[in-house]
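Report on one structure; see the data block that follows.
The values are calculated or read from the model by the stated rules, or taken from the named source; none is laboratory data. Source: prediction; values computed, not measured. Every residue, glycine as well, gets a Cβ built from its backbone with ideal geometry; the counts of neighbours run over all protein chains shown. Each accessible area value is taken on the protein alone, full model and side chains, heavy atoms only, with ligands, DNA and RNA left out. Shrake-Rupley method; radii C 1.70, N 1.55, O 1.52, S 1.80 Å.
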Amino acid sequence: MLENSVWKQYNDENNFRQMLARFCKMDIESFIEDDKILYGVLKSKLTKKELKLFAMDSAQMEVKELIDVMSINEEELEKAKYKLYKKLKQDKVRLSFRASSIVS
């Protein structure tokens, strides 16, 4: 389903739902059920660079490899991670992943 996604480039498993639950500090059952729709919401809330960093960091890539792929230094990488995970904890982002946020 998400075969050609940024997530699948760096992760063998389709476990972005579990990673979102972990970083957003939310119950996984409250998320939108359809993975494709949930991934679309995630893409809309993050920049391309943030989505790529989320996928690579979730795949537990080495810091050196992250720095090489992202073409940034270690300090910029730490700032980018901080900004990304801070964004995922914001209510306006977290609540958009909930099933109740989908308008029928």
So the carbon and sulfur contribution to the accessible area of the chain, 1.4 Å probe, in percent, is 48 percent
For helix 48-58, what angle does its Cα long axis make with the longest principal axis of the chain, in degrees from 0 to 90 and rounded to 10?
80 degrees
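At 1.4 Å probe radius, can you tell me the per residue accessible area of the chain in Å²? Intermediate values should be presented prior to the final figure.
Working: 6630 Å² over 104 residues.
With the other protein chains kept in place, the chain gives 64 Å² per residue.
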Using the basic label-point model (7 angstrom from Cα toward the beta carbon), what is the Asn73 to Ser44 distance in nanometres?
3.8 nm
The number of Lys pairs in segment 52-98 whose alpha carbons lie under 15 Å apart, excluding pairs fewer than 8 residues apart on one chain, is 8
Jot down the per residue volume, in cubic angstrom and as a whole number, of the convex hull over the alpha-carbon atoms of segment 1-68.
89 Å³
Nearest-ten-degree value, helix 35-45 long axis tilted from longest Cα axis of the chain
60 degrees
Would you calculate, for the chain, the mean residue ellipticity at 222 nm contributed by helices, counting each DSSP H stretch of 4 or more residues as -39,500 (n - 2.57) and dividing by all residues, to the nearest 500?
-17500 deg cm²/dmol
State the percent of C-alpha pairs, over all pairs in segment 37-104, separated by a distance greater than 20 angstrom.
33 percent
